[in-house]
Amino acid sequence: MKKTNLFLFYILLGLSLLSFGTSAPSRNVNHQKDMSHFRLEENFFHLFNPKTYENTTLATEWENKAKQRMEKLISHQKKIDNDFEKKINPEISKNIFEHNSKTPFAVSSTATHKNKHETFTFPTSSSHSHLLSHQQVTPGIKLYTYIDRRKKLLELMKVGDKALFFASPITYSSGDTKHEYTPQADLWYFTGIESPNVIVLIEKLSEKNENKFSIYMPHREHQGLDSETMSTEFARSYYSAHEAYTCDMVEVDCSALLAYLDPVTYYGIPSMGGGTVYTIPSANPTLFDKVKAKVKSTFDFSLEKFSHQLRVYKSEEEIELLKKVWEITMEAHEWAMRLTQPNAHEAYIRAVTSFVLESHYSSHAYPPIVASGAHGRTLHYSVDNDILRDGELILMDVGGRRFGYCGDVSRTWPVNCKFTPDQKELYNLLIKAQNVVYLTASEWTKRSVTTRELISASSKFLCDNLKKLGVPADKCSAVTRHSASHPIGVDVHDASVLPEIVIREGFAFTIEPGIYFSDDSWVPKRFRQMALRIEDDCIATTRESKKQNVICPTAKYARSIKAIESICGSALMPE
């Protein structure tokens, strides 16, 4: 045992030297020469008892080999750091960040870069105090929330397991025209990082959920116009990371990461073993494939089975963010109704929603659907290039994304702002179907209720009533077409890998029954080519009301026939 402990000590000593040697290019070179900073990570100390070390032939041999490898690596890395120091010359103040024993990673509200506030393509408390408080990493979410999320993730893993996250890449529609960037949901949920082409590694070090959280970022000169120029010092302090490194993400020349994943191949040091590397390769397939090609590690692609278990139930912070983006989403819907009239264009209605969302720091959570007439039968219709015709319906499905959280709302209303009797009949049927789902969900405090039960309740109600309206029983699924509920949160269809979810405190979900009639002969003539959907966003919670255990904030806005007819066309100028 003594030889083993000594052997492992020198392995960790070598990895510690490696971590220091491959740190940020902006680190002061003279500071690197201070060997007192070459130390073990504090998280490793509890694994070893120094009294067990003794000078053996085996230990001395490995010590010499490790020193030789580390000296070569550090010398090489210093040259790289010096080259980048000359190129980017960040001139970052040594006293940028505030540190104290209670909040060791708190970022100073007066952090400066060249005597100005550091500003990035994402908001920070120092650059956007109108959006974030001093303790928040992202709007509405505090640093301690992200730390707690990582601890809860580790509770689902074994000691030695690692979670490897890849940020989404920047994508282009053509040439140098970029698509709007959306952070990878799981990486953002556990860290708050909104930058592209970043890699994050979180390792569970003990049963007490002690962990090592490392960030690997593209070199600052490679971030260019597509991203922020964030220093490693800032990344460590702002996100409460143990280490942050810059790497060549084009060729994945990132020794700090690769050697940590595969020390055998890179430095001839045996792997510590015993852990699984969980990841989500689909987040950034190109970057993952390059990493995989350079290491012999075995990857487990089921990281989402852990992350989605945590994401599905929302905290109070998250509920407030959801309620706000839902409020903005409904404002967009109501303005669309106010500006509706025959012979207007679908594109005009879509533009109205974009204006409302973007004026509230929001974007579209998904391609907006503004489908008039028979186009409503196409579930993801996004062309929006037709004319609104008198007598037809508009089915609009629009949701905002704001500060990491999504809305997903659908409304259906007449182009001429007056429902016909047949349209009213179908619309009221959907209102009743929503109520059935709502009442089923509301039983969660009395018994176990699952999402599958919500979907079944809607399907049974609609099929029973459509049969009364003349729809053949075997055609019900062709009319209803989709599930009447799904989770919502960081993604529009949140926690998508979970096949069935038990409704509990903080579960956010939609209620969205729909009816879609074709022009087939079996369809009653009065309903042919009609398409209607009503969708509202809800949360299972007992915190908001003593009388309700499910709240649907979006249902308070224009939803009833009376409310829609009163608001529809109300903002148009009189002729």
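The values are calculated or read from the model by the stated rules, or taken from the named source; none is laboratory data. Note that the coordinates shown come from a computational prediction; the quantities given were computed from them, not determined experimentally. Cβ coordinates were reconstructed from backbone atoms using ideal geometry, including for glycine residues, and neighbour counts include every protein chain displayed. Heavy atoms of the whole protein, side chains included, go into the accessibility calculation; ligands, DNA and RNA do not. Shrake-Rupley method; radii C 1.70, N 1.55, O 1.52, S 1.80 Å.
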> Taking the Cα centre of segment 276-429 as the origin, how large is its charge dipole in debye, to the nearest 20, when only Lys and Arg (+1) and Asp and Glu (-1) carry charge on their Cβ atoms?
Replying inline: 600
>> Taking all protein chains in place and a 1.4 Å probe, what share, in percent, of the accessible surface of segment 315-442 do carbon and sulfur account for?
In response: 54
> What is the calculated FRET efficiency for Ser570 to Val497, with r their C-beta to C-beta distance and R₀ = 45 Å, to the nearest 0.05?
Replying inline: 0.55
> Ignoring ligands, DNA and RNA, what percent of the 1.4 Å accessible area of segment 123-181 is carbon and sulfur?
Replying inline: 50
> Extent of segment 514-575 along each principal axis, from alpha carbon coordinates, in Å, largest to smallest?
Replying inline: 50, 42, 14
>> With every protein chain kept in place and ligands, DNA and RNA left out, what is the accessible area per residue of segment 384-530? Probe 1.4 Å, answer in Å².
In response: 41
> In nm, to one decimal, how far is the Thr121 label point from the Tyr348 one, both placed 7 Å along Cα→Cβ?
Replying inline: 3.5
> Measuring from label point to label point, each 7 Å out along Cα→Cβ, what is the Glu317 to Leu469 span in nm?
Replying inline: 4.5
> Which entries of Lys204/Lys296; Lys314/Lys467; Lys314/Lys432; Lys152/Lys324; Lys314/Lys547 show an alpha-carbon separation above 31 angstrom in the structure shown?
Replying inline: Lys314/Lys467
> For Lys296 and Ser133, what is the calculated FRET efficiency with R₀ set at 45 Å and r taken between the beta-carbons, to the nearest 0.05?
Replying inline: 0.50
>> Between Glu544 and His360, what is 0.36 nm times their sequence separation minus the Cα-Cα distance? Round to one decimal in nm.
In response: 63.8 nm
>> Can you tally the net charge around Glu535? Count Lys and Arg as +1, Asp and Glu as -1, for every other residue whose Cβ sits under 14 Å from the Cβ of Glu535.
In response: -1
> Name the residues of segment 377-415 whose amide N is less than 17 Å from a point 7 angstrom out from the Cα of Gln341 along the C-beta direction?
Replying inline: 387-392, 414-415
>> Between Asn435 and Asn385, what is 0.36 nm times their sequence separation minus the Cα-Cα distance? Round to one decimal in nm.
In response: 14.6 nm
> Does segment 249-405 come out rounded, prolate or oblate, given a ≥ b ≥ c as the square roots of the eigenvalues of its C-alpha gyration tensor, rounded meaning a/c under 1.5 and, failing that, prolate meaning a/b above b/c?
Replying inline: prolate
> Roughly how many nanometres apart are two label points built 7 Å out from the Cα toward the Cβ at Val250 and Ser521?
Replying inline: 6.5
> Given the pairs Lys323/Lys446; Lys418/Lys460; Lys424/Lys446; Lys305/Lys546, which are separated by over 27 angstrom at their Cα positions?
Replying inline: Lys418/Lys460; Lys424/Lys446; Lys305/Lys546
